[in-house]
Every structure is written in structure tokens, then in C-alpha cells.
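Written below as C-alpha cells is the structure these notes are about.
Bear in mind that the values in this text are calculations on the coordinates, not laboratory data. In this text the structure is predicted, and so the values were computed from the model without any measurement. All Cβ positions, even for glycine, are placed from backbone atoms using ideal geometry, and neighbour counts span all protein chains on display.
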């Protein structure tokens, strides 16, 4: 199973998560540079609760129907998707990335060398995973040659592959969700910080992704997501969850005089504490890790008001709301509101890889 694979013509990105499915397809235009990408198609469809949970497809047949609906969608005026190949993301709960060092020159490293070393880091036996790897540098340090390893549980990879193939598509490659998100967020801050943390806030959980030394160094699941903010507001204000969902995204909530402020601030503090733990782990366990100089928020929960201000206050680090379209030279064809665009970050990252095969330059973000 390859994660660092060359792609096929007209390949598009397909992101399947607990609450929605997104599809993004770009034109490849000009040189091997994301800024030359032109958007061809962007589509999304919501999923009822219970079809997919924590990355596991519980009811394949209904999910299959939603994918088919997305492929034949005509509201964007472009009709049925013509591409027959997809790059799909594997959810963070079911995947694993690790940077290891092999005490050999890059040209002498074998798959057996990598598997032998990475087995010390996997929670299961290596035969239970599909793994792929790629050198990050041609230079060997005193610790060896740095290699990034991607591993996915075979059961999960097969489940996603069979589902996608059942609608007549080929799987050009599988991509770990955090890598796709990091790729989409790369241009959100200019100039790109040397070391940054991307917080992808989902419904049930969030993923903290640390990018340093021009690659993704670490990703970590945090058991706090947008639904926790909704539930907290619903309980504190004695209102239905639907009303709480609206309030947490209301710009007027961004004042200390709003009764919802203290509730949101308490949840933001819990989330910030978890972020601190991730940063602390990185700084104490990763040799030559730089200080995190910026935090970028993305995902559906990133539009919670005023979350960015609260996290910035707690962590004393600049916080920016991400923009998955920022790298494109032209955004004229993008009509999706900014808040909704944050939900498409993984699909945008997949689509960029599909158009430009960014791994050919050995850059994982």
C-alpha cells in the first residue's frame, strides 16, 4: 500500500469523515507549484450521525450512496466528475506517522531496515499495517538518515479502498489526514513560520499537527472538538443544542459581557491546556525542535467565536484562522464562505497532491 505514490490524470481529493464527505479537484497549470493550481470542482455533502464514527465506516452502503451523489452532483454547473482516480484520506485515529533515523546512507536504506526500526514504535505488529516511507534528506546526521514513515491499519485501509472502488473509482493513493491538512494550511501565514502548530478542530476531537524543519514532525489527537463547546453552551444556558450551535458561531458572542463568553472561555482553556501538553512533548522529545512561533486553526470548529483570541491569550502565541485557498494565485471561482471553507482543508490538501504530486520534491507539507 503506497502513500507516497505518483498520481493519475484528473485525480481528485476525497475526504471522508464522521460528519461529511468533501471532494476537491484542481487543474494542473504551469510549474510544480501550488500557486499555479486552478480550482476545477469543490463539492461537499453532510452525513447523518452513525454512518461513520471515529474514522470507522459503520454503514458502508449509505456512505456509498452519498459518494455517488457527490460524483454526479450538478448544482455547481459542472455535472458528473470525469476523473476516475481519487486520493483519499485516512483518519488520524487509524493512522500513524513517525520520523525515524536509519544509520545508513540514503541510497543503502531498504524497506526491511525501515520496518525493523519502526516496529518499535507501532502499537500493533508490523504485519497488521500497510507502511510506506520516504527519506527526508540525502544527508546523514550523527543519528542517521531521517526517514518519515506512514502506517495505516490494514483493516482500515482495505475498508476505505473497497468502498471507493465500489463506486467505480480507482484509489491512486492513500494520504494520512494530518499530512493533507498541513499541505493545505502551508500558505495561511506569510512568511511561513519556521515552526508552527496547526489545530484541526473536528466535531468530536481535534488534531494538533506540528510542522518544523519543512516537514510534519508530529500529529496528536485531542479528545476535544466543536461538539464539546455546543454541549457546554446548551447545559450552561439551558437551551437546545441547535441554538447553542448558532450562538457559538455568532460574532456578537465575542465580548466578555455576553453570557456565553465564560462558557466558551472555559472550554477554550481546556483545549489550550491540551495544546500545551503537545507542545511540551515536542520540545522535550524531539531533538533540534524549534519553538512554536504560530498556531493556525482549521476545521469546522475553527469558526467558533472568539476561539482564536482565547487560545492566543492562553498560550501567548499568535493565532491565525487558516485559509485553505491561500496558496492559489486566483480564488475567483471559489464561492464557499470562509467559515465553510475551513471544513475543506483536508480535501484541498488531497486535491493539491492529486494535481501536483508534491512528494516528488520530498516535502510533506
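Residues 281, 12, 26 in ascending order of nearby Cβ atoms (within 10 Å, fewest first): 281, 26, 12. At the listed q of 0.19, 0.22, 0.24, 0.28 Å⁻¹, the Debye profile of the stretch 120-192, built from one uniform point per Cα, gives log10 I(q)/I(0) equal to -1.01, -1.10, -1.14, -1.22. Distance between the 7 Å Cα→Cβ label points at residue 10 and residue 134: 2.5 nm. Extension gain for residue 59-residue 38 works out to 4.1 nm (0.36 nm per residue, less the C-alpha to C-alpha distance). Using the rule -39500 (n - 2.57) for each DSSP H run of four or more residues, divided by the residues of the chain, the 222 nm mean residue ellipticity is -9000 deg cm²/dmol.
Computed over the alpha-carbon pairs of the stretch 191-322, the distance histogram in 10 Å steps reads 13, 46, 28, 11, 2 percent, short to long. The mean sequence separation of alpha-carbon pairs under 8 Å and at least six residues apart, normalised by the residue count of the chain, gives a relative contact order of 23 percent.
Three principal axis extents describe the C-alpha atoms of the chain; from largest down they are 63, 50, 40 Å. The fraction of all Cα pairs in the stretch 209-282 landing in successive 10 Å bins from 0 to the largest distance is 18, 41, 24, 16, 2, given as whole percents. Note that the stretch 116-251 shows a convex hull volume over its alpha carbon atoms of 197 Å³ per residue.
Rank the residues 335, 192, 215 as a footprinting-exposure proxy: fewest other Cβ atoms within 10 Å of their Cβ go first. Each step should come with its number before you reach the end.
On the way: 335 9, 192 14, 215 19.
By the 10 Å Cβ count, ascending: 335, 192, 215.
When the chain is fully extended, how far beyond the present Cα-Cα distance does residue 165 get from residue 239, taking 0.36 nm per residue of separation? Kindly include the intermediate steps, with their values, before the conclusion.
Working: separation 74, 0.36 × 74 = 26.64 nm, distance 4.35 nm.
Taking 0.36 nm per residue and subtracting the Cα distance, the gain is 22.3 nm.
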